[in-house]
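Read-outs throughout are calculated quantities, based only on the coordinates presented, and are distinct from any laboratory measurement. As the structure is a prediction and not an experimental result, all values here were calculated from the model. All Cβ positions, glycine included, derive from the backbone under ideal geometry; neighbour counts span all protein chains shown.
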């Protein structure tokens, strides 16, 4: 069959390219817009973003299923008519919801969750309500229009349109934190997105009309069409399993990396974009043309990435934020290049295009299920990250085994390379972590390498049955060694733990410290790798005020000074204290009879552990009245103020970090305006700005100045036994601090003039890096 005229074919592909580009761009912009909008509603946890990704992956799978069924079961012209009707119906419903809310995509505050229970289901409900139908329609575009393109323009590769769609998604991601987020309010972003959706609908209708007006032709091979994969044979099931497994590995690795980055850094769009952008970039590279993926380059790079991952899991670069981010990004890039490169090599001809995309989408959704739903329920750590790396290595090997022309079989030392790498891996990792390698290990490695050489020196540089039979044993041994190394490196983090809990809000552990000194033995609560307070076990020291909250800390000096008799009469010296972030309840040690302490805590596991006298007794021994309010503090305070029940705190303490990730939604102008209403006119807001990576001092100072409050910075080095290094900001109105007589040497804060006020619409994490 003769292919269409080249000029006509290329010019006719432009509408498809435009529609697919717009749809892919909008698909990922809406995720960032809604992620930013709903962030304050769910406490800004890392799991919120991975839940978002799981929801959208599931909806993407539904869209791909619709496209596959429509393209496979219905003739081309009726397809176009059905899809046009769907486009028009979705546009009408979207316009109706936008009119009802006064803004597209962003529901008003009446939809905010009233309780912290079942956050995953609540997020899914809100996303389905706000963007479900438009997103579903956008998700059908890639496979459906590529199917139409393959019928109307045989001889051209539709997979280049897939690369284009991933490029559009990548551009949507990198443009958001630099062009959209810093300059445009969220409602403005939503309106621009709605206009883009309108252009997408017009472009899609044009393509559907073109399909109606064009005589479609049977698909034929194209320049990049593979010859080695044919799903019509009896291996169809196993080929689909391979496609889905490779896609699952890429999705799981991307989501697990996102968890790792956000757990100890911050939950902000810029850090969401990095792993997702890396993931998409590998799809662009691999599907643009198979020549862009080289096994000789990316598979050794992934081996180096595995060594770097073990180093990070064992606690390497813990204080180097940029180093951690760079390592995680390079590991993710090399891993995704391997799985997506193998996926691109295994793609079928155009007649099975929608089945291929449906299988890939299913694999992506399976990865989301494993990371978002399964892992938090069966693991008490972020074990899905090393497991995803291990699975990526496994399916890279299986892809090599599936391809009889791979280096595994055709090179003389293919199997020897695998065995040698496996033998060297433990030693290399030991060298990276500890800076030395045991001599006995080196001797065993030399013996093993000599044996490998003797076994493989007579091997022939081509495929034979002996290599095929030996490959599973070699690969199995390599995977076993890699699994053991990952297991041992991951357990280093929990070697002192006596309790571990993981839920939607992250990973928390209780560990015993100073085991060899009975009089100083203590239990410490950890969120990720960051301490959230500790208490000594001995009765004599159990009431000591420890960690960030000692008498010389900012909050300690504020509490002590607030009790001075010259500020108030003796009958009214009792304090009302609000604390955002319970930790182990250390601040309850400041309480006296007649005081009132109100703790706001979003993580139910933290509440249970702090109240469990087997671990911590600050709350149990507190002489004051104590209330613990479950749920996000900001939402709880908003409900209190709506009910006209300001708590009139003398002191409001903000200490709500997740790992070392700053709670961005609690550090905005709108949040501080809520705090103003919850404190007395002479009250103080104390903000813990201690952070390994981010300088939050200018952020708080700029907000305070913007809303007409005063501020002071207090630093205390601690003694590294009872107290630790800590930084606090005190924010107040009136003359309360002057009356309290706090005399602090405040460092130069003139740089705050260059810091833009953080709001719910704007925050710039990277500008505050230390």
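Things worth noting here:
- Treating r as the C-beta distance of residue 179 and residue 477 and R0 as 45 Å, the FRET efficiency rounds to 0.35.
- Ranked by how many other Cβ atoms sit within 10 Å of their own Cβ, fewest first, the residues 732, 111, 41 fall in the order 111, 41, 732.
- Residue exposure sequence - 90, 354 - by fewest surrounding Cβ within 10 Å: 90, 354
- The packing ranking, built from the mean of other Cβ atoms within 10 Å per residue, places the peptides 55-67, 241-253 in the order 241-253, 55-67, highest first.
- For the pair residue 695 and residue 573, the difference between a 0.36 nm per residue extended length and the Cα-Cα distance amounts to 40.5 nm.
- Spin-label model distance (nm) - residue 236 vs residue 767, 7 Å beyond Cα toward Cβ: 5.7 nm
- FRET efficiency estimate (nearest 0.05) - Cβ-Cβ, residue 592 to residue 719, R0 35 angstrom: 0.90
- Extending 7 Å from Cα along the Cβ direction at residue 129 and again at residue 99 yields two label points whose distance is 2.0 nm.
- Take every Cα pair under 8 Å whose residues are at least 6 apart in sequence, average their separation, divide by the length of the range 13-225, and the relative contact order is 44 percent.
- Distance between the pseudo-spin-label points of residue 495 and residue 73 (7 Å out from Cα toward the beta carbon): 5.8 nm.
- The fewest-to-most ranking of 642, 690 by surrounding Cβ atoms within 10 Å reads 642, 690.
- FRET efficiency, 1/(1 + (r/R0)^6) with R0 25 Å, evaluated for residue 521 and residue 560 via beta carbons: 0.35
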